[in-house]
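Contents: one structure, followed by commentary.
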Amino acid sequence: MTDLKPGSVVFENVRKDFGTFTAIPDLSITIEPGTLVTLLGPSGCGKTTTLRMLAGLEHPTSGRILIGGRDVTMVPAHERDVSMVFQSYALFPHMNALDNVAYGLESSGYKKREARERAEEGLTQVGLSGMGHRLPAELSGGQQQRVAVARALVLNPQVLLLDEPLSNLDARLRRRVRTEIRELQQRLGFTAVYVTHDQDEALAVSDRIVVMKDGKIAQEGAPRELYEEPVSEFIADFMGEANVVSCEIVGRDGDDALIDVGGLQHRLRARQATSGQAKLAVRPGSVMLNPEGAAGLGGEILTAAYLGDHVEYEIETPVGNFFVIDHSVERSFAPRTAVSLGFRNRGLALIEA
Amino acid sequence: MLSGNKRLNALLGLGIGAFLIVPWYRVDRGFFSFEWPSDFLVSSDLAPGLLQIFAEGRVWLALALALFLIGGSARFMTDANKRGRLLVVTGSIGILFMALQGLAISFTGWAWTFPETTFGALPLGQPAMGAGAIVTSLIFVLFIAFGLAERGFMKGDAFVVGSISILIFLVTVFIFYPIGSMFAGSVQDFDGSFKPDGFIRNMQDPAIWSLDCVFGGNRCGVAWRTLFLAVLSGLGSTTLGLAFALVATRTRFPFKKGLRLLTVLPIITPPFVIGLALTLLFGRSGVVTQGLDTLFGIEPSRWLYGLTGIWIAQVLSFTPISFLVLIGVVEGVSPSMEEASQTLRADRWRTFWRVSLPLMKPGLANAFLIGFIESMADFGNPLVLGGSHGVLSTEIFFAVVGSQVDPSRAAVLAIILLSFTLTAFLAQRMWLSGKNFATVTGKGDSGAHAGLPKSLSLTVYGIVLPWMGFTIVVYGMILFGGFVKTWGLDNSLTLEHYARAFSVTFQDGALVWTGVAWNSFWTTMEIALISAPLTAAVGLLTAYIIVRQKFAGKNAFEFALMMSFAIPGTVIGISYIMAFNLPPIEMTGSALILVACFVFRNMPVGVRGGIAAMSQLDKSLDEASLTLRANSARTLRKVILPLLRPAITAALVYSFVRAITSISAVIFLVSAEYNMATSYIVGLVENGEYGIAIAYSSMLIFVMITVIAGFQFLVGERRLRRENRVSGMAKSSKIRIAQEKTA
């Protein structure tokens, strides 16, 4: 795994139909070499189809796909310089770990001995040296996952594809493995395309995130950009929960806008918003709760749930219901208590109306 | 596109070989005897394609050569799209031309009249296609396939496109072409001219359609008789099968293991053997008949020879099949349904009638249709027991080999039979599909099945026990019958029959197979051994394509294949001799026609087994292999086949055994040189040599048990200890073997 040659990926106006159903109407993406890009979205949004077209497991109905500058639109999967880690790992149950890793090398024409040496090296790289003789069924979930990664990486692909690689691991392992994958990618510098529906995972591993909805790109950007400056209600809600309420822009001050939410005035970055009616996305943790009578937006607690390190509230206000996460556990409000809501400086964004 | 060029190079090389170094036309003494190279280039019959064009004057073949060269020139083009189109176009025209010239030009010139009037008479005709012509046809098919692959069809996978094209080509040649020829043959005269008189006369024949048994008290037409028999056999075997299934799954019957052994019987029993055994019991000189005569003075009669006898034999033969199907159905009824019913204050009787039985209904209907189709297709039992009361399948046979040779009548009868079985098949597919209530979900379904109500359990025991006894007696007769001198007349024990059939002597230090059976025995073994791997390969490849590939027309492809399995053997037999007796493809009298017949008749085994096994393999395994730089051929070889080993073994064993026991199609296709065991035995029965026939049959059964046990032992030894999925497959494939009989 020494001579890595990270490649770029370009989708040009790709369309994919399955029969009469259009999975992807018109998709264009550019991925820089050496970056880890996540395709994120709810199930059925076309992210896996996109990945499979990149792998050559599906062919686009129209449009072009380029890998490392070469047009691969009509190239079958086995002739493409990409490799893939499957959601189910897809380790061959009748071959041991070493044979699994050596399989791709032998398919590419390496002599058996060299293939084995490189496979051994690949297993070492993922911390499984000496486990080569084990059958997949004799490995733990995390180990199987690493074999799958090693199997894909030993081929020195221009692009590594990962299809929800963590979904079969338990929560704790998932956190560790995602760090390992990110580390490996940074260390070896390969291009990776990562598919997931879990926004935490996406935020943790990506250089860039492409959020997809109904086969289209809903928003694309760095993790921080997506979380802090969602362009739509969908993104705001998908990238961590958000309360979306309508507000009115009452004034501008340079880059900032002054808004009014049911009488509560607030100042935040204006972005594209001009004036008049707008929508405001508020993170559940960005709402401050004060006892009734303090300045702010009046509301009434509907439900309260104690969850150890925080309390979750459902609050009714004149502009709509708010879902609030409050970390001041020692001071909790009982249902049907009147409260006053204020906003913090972070975690608010104006979005498309 | 390097790989594209590689495979085109191979095709070009193959094509040059086809035109230059093998005889273009059929070699009389057989291509594979390899006597032809010695006379090659000397004898004009053996001339290769190029010489046929330029020296022998068969100028029309130049068109094939030209198309081949134009298609081949694609090799030197660089634009994938353009060369793809060129290949597809030349390939399509090429294969069309090959078919047309083969059909239109026969031994003496034009086979049809209209080209003769347009182009004028041909100075010379042509014999049947030989190696050169066949290879050239295949090359055109592959031209289409590779052309489509280069244009991105099936994700550009040449192996898959090639396999699909070749399979479609083979199925067309070996299933649809013969059936089509049969239809054509029904309206043709001996010289091939259109003459529907025979067709019309036979279609209106009262011997086929008369309903006299309802109105006039006479006998009904053979079509109605066959239908009537099939319905009764279907009902009988379904009822008995259900009783057996209930005993095996819902009672504390002590010999359940033995009951399951019953399911192996239909696989290893040649189809006419039951009829034979019944003759020994109830025939005029049968044991029971004689016994009743001496004890009670009941006059021996010929009641067995007719529909009653055939019905008994068929119910005996098909009950195990129906049992096998219904075990799955009865076990598939979720116990929690029955428990729910019981907690809702229903007693066992009500639970059975209102819950269990309705849930089994689609399964019962399925079992009935299977029995119905099997009965329609059955040839062995009616042949042995039918006498003058024939059914459609035997009537077809006698229309070809009997005193009144009437191919048109045979074709008409075959068409009638075919329409009955296809209707039943369509009913099975359309009406029953999606109506399966069997509720095996894969989630552990806890709970226990409700016991049977007392009266019902007494009834099923009352049915099952005597029938089991009867089955044991029948099979006992088969084993014992070979050792008795002459049934009814001289009941002394003897080894004479075995000696005559299977004697071996030493002469001049060498082994000489002097027994009369050896010749057909070894032919049978040889042909079964050749066709078994071919059957398994074609079947599994088809299964792979059906399960793993998506393409336009896939449903039609699958449907056509499955439908071909509902074609009775007799129909296949008659259509093969009608299609392959004359150019363009002439195979009758050769071993090839037997092999082709077995491969395409037994393919369902491989297909169904393969489909079932392959659907259990996660698709991501193939995809992983593909993304790991392995093409689909390597994926199939390295990943799928190793994981399918149990299914492969099952397909191999089953197709081997079926090739040995099959009779209905075989009896039309055997020749003096290639006689099969079953048709030899039927010949013995017709000559009244029951002793040898029975001895030979038990020998076959013994051989098949050995083969099955041997394979079972080998597979058992090598059972994958790995994933549940795989070992579960190994277990179920055994059961599946027998289910294939249901095709």
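Quick look at the numbers
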quantity	calculated
Matching entry among B:Ala633, B:Ala651 (being more than 9 Å from chain A (Cβ to nearest Cβ), of a type in the set (A, V, I, L, M) and either on the phi > 0 side of the Ramachandran plot or buried (at least 21 other Cβ atoms within 10 Å of the Cβ) (or both))	B:Ala651
Condition met for B:Pro266 (modelled with pLDDT under 75 and either open to solvent by 30 Å² or more (accessible area, probe 1.4 Å) or within 30 Å of B:Ala659 (Cβ to Cβ) (or both))	yes
Selection from region A:278-297 of residues that are open to solvent by 30 Å² or more (accessible area, probe 1.4 Å) and either touching a strand residue (DSSP E or B) at 6+ places or on another chain (Cβ under 6 Å) or of a type in the set (Val, Ile, Thr) (or both)	A:Lys279, A:Gly285, A:Met288, A:Asn290, A:Glu292, A:Ala294, A:Gly296
Segments classed as helices (runs of 4 or more DSSP H), wholly inside region B:123-231, with at least 1 members that are surrounded by fewer than 21 Cβ atoms within 10 Å (Cβ to Cβ), touching a Phe, Trp or Tyr at 6+ places or on another chain (Cβ under 8 Å) and modelled with pLDDT under 75	B:206-209, B:212-215
Residue within region A:115-122 that is at the interface with chain B (Cβ under 10 Å from one of its Cβ atoms) and either part of a helix (DSSP H, G or I) or open to solvent by 10 Å² or more (accessible area, probe 1.4 Å) (or both) present	no
Residue check, A:Lys5 in contact with a Pro (Cβ under 7 Å, 6 or more places away or on another chain), open to solvent by 10 Å² or more (accessible area, probe 1.4 Å) and not hydrophobic (A, V, I, L, M, F, W, C)	no
Entirely in region B:289-360, the helices (runs of 4 or more DSSP H) that have 3 or more residues that are farther than 27 Å from B:Lys454 by Cβ and of a type outside the set (A, V, I, L, M, F, W, C)	B:307-332
Residue that is nearest to the other protein chains (Cβ to nearest Cβ) [pool: residues in region A:61-97 that are outside any loop (DSSP other than H, G, I, E, B) and open to solvent by 20 Å² or more (accessible area, probe 1.4 Å)]	A:His78
All helices (runs of 4 or more DSSP H) inside region B:4-98 with 2 or more residues being among the hydrophobic types (A, V, I, L, M, F, W, C), closer than 30 Å to B:Asn631 by Cβ and free of Cβ contacts under 8 Å to residues at least 60 places away in the same chain	B:61-72
Any chance A:Arg271 is closer than 24 Å to A:Met239 by Cα, touching a helix residue (DSSP H, G or I) at 6+ places or on another chain (Cβ under 6 Å) and open to solvent by 50 Å² or more (accessible area, probe 1.4 Å)	no
Residue in region B:606-615 that is at pLDDT 85 or above, open to solvent by less than 10 Å² (accessible area, probe 1.4 Å) and either in a helix (DSSP H, G or I) or more than 14 Å from every other protein chain (Cβ to nearest Cβ) (or both) present	no
Residue count for region B:501-519, restricted to those that are surrounded by 13 or more Cβ atoms within 10 Å (Cβ to Cβ) and closer than 25 Å to B:Ala591 by Cα	9
Single residue of region B:1-46 satisfying the filter (within 14 Å of another protein chain (Cβ to nearest Cβ) and hydrophobic (A, V, I, L, M, F, W, C)) that is nearest to A:Val72 (Cα to Cα)	B:Met1
Test result for A:Asp163, out of contact with any Asp or Glu (no Cβ under 7 Å at 6 or more places or on another chain), open to solvent by 10 Å² or more (accessible area, probe 1.4 Å) and either aliphatic (A, V, I, L, M) or within 24 Å of A:Glu12 (Cβ to Cβ) (or both)	yes
Test: residue in region A:41-50 that is away from every other protein chain (no Cβ under 13 Å), part of a strand (DSSP E or B) and under 22 Å from A:Gln219 (Cβ atoms)	no
Scan of region B:654-697 for residues that are open to solvent by 20 Å² or more (accessible area, probe 1.4 Å), of a type in the set (S, T, N, Q) and either over 22 Å from B:Val516 (Cβ atoms) or touching a strand residue (DSSP E or B) at 6+ places or on another chain (Cβ under 9 Å) (or both), ordered by number	none
Any hit, region A:182-202, residues being aliphatic (A, V, I, L, M), modelled with pLDDT of 90 or more, assigned to a helix (DSSP H, G or I) and touching a Ser or Thr at 6+ places or on another chain (Cβ under 9 Å)	yes
When residues of region B:374-398 are limited to those that are part of a helix (DSSP H, G or I) and open to solvent by 10 Å² or more (accessible area, probe 1.4 Å), the one nearest to B:Val315 (Cα to Cα)	B:Glu374
Extreme residue, farthest from the chain's Cα centre (by Cα), among residues of region A:180-201 that are closer than 20 Å to A:Met53 by Cβ and open to solvent by less than 60 Å² (accessible area, probe 1.4 Å)	A:Phe190
Among (1) charged (D, E, K, R); (2) touching a Phe, Trp or Tyr at 6+ places or on another chain (Cβ under 9 Å); (3) at pLDDT 90 or above, the one test that A:Lys216 misses	(2)
Hey, A:Lys16 buried (at least 19 other Cβ atoms within 10 Å of the Cβ) and farther than 23 Å from B:Val160 by Cα or not	no
Residue within region B:75-91 that is crowded, with 18+ Cβ neighbours inside 10 Å and in contact with a strand residue (DSSP E or B) (Cβ under 9 Å, 6 or more places away or on another chain) present	no
Residue under evaluation B:Ile593, criteria (1) touching a strand residue (DSSP E or B) at 6+ places or on another chain (Cβ under 6 Å); (2) open to solvent by less than 10 Å² (accessible area, probe 1.4 Å); (3) closer than 30 Å to B:Trp112 by Cβ, criterion not met	(1)
Any chance A:Glu32 is farther than 25 Å from B:Ala80 by Cα, of a type in the set (D, E, K, R) and away from every other protein chain (no Cβ under 14 Å)	yes
Residues of region B:545-580 that turn out to be over 13 Å from B:Pro604 (Cα atoms) and either of a type outside the set (Gly, Ala, Ser) or in contact with a His (Cβ under 8 Å, 6 or more places away or on another chain) (or both), as a count	18
Flag for A:Asn100 being within 12 Å of another protein chain (Cβ to nearest Cβ) and either over 27 Å from A:Gly56 (Cβ atoms) or at pLDDT 90 or above (or both)	yes
So A:Val177, is it crowded, with 24+ Cβ neighbours inside 10 Å, at negative phi and assigned to a helix (DSSP H, G or I)	no
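The values are calculated or read from the model by the stated rules, or taken from the named source; none is laboratory data. Quick caveat: nothing in here was measured; it's all calculated off a predicted structure. With ideal geometry, Cβ positions are generated from the backbone for all residues, glycine too; neighbour counts draw on all protein chains shown. Surface areas here come from the heavy atoms of the whole protein model, side chains and all, with no ligands, DNA or RNA. Shrake-Rupley method; radii C 1.70, N 1.55, O 1.52, S 1.80 Å.
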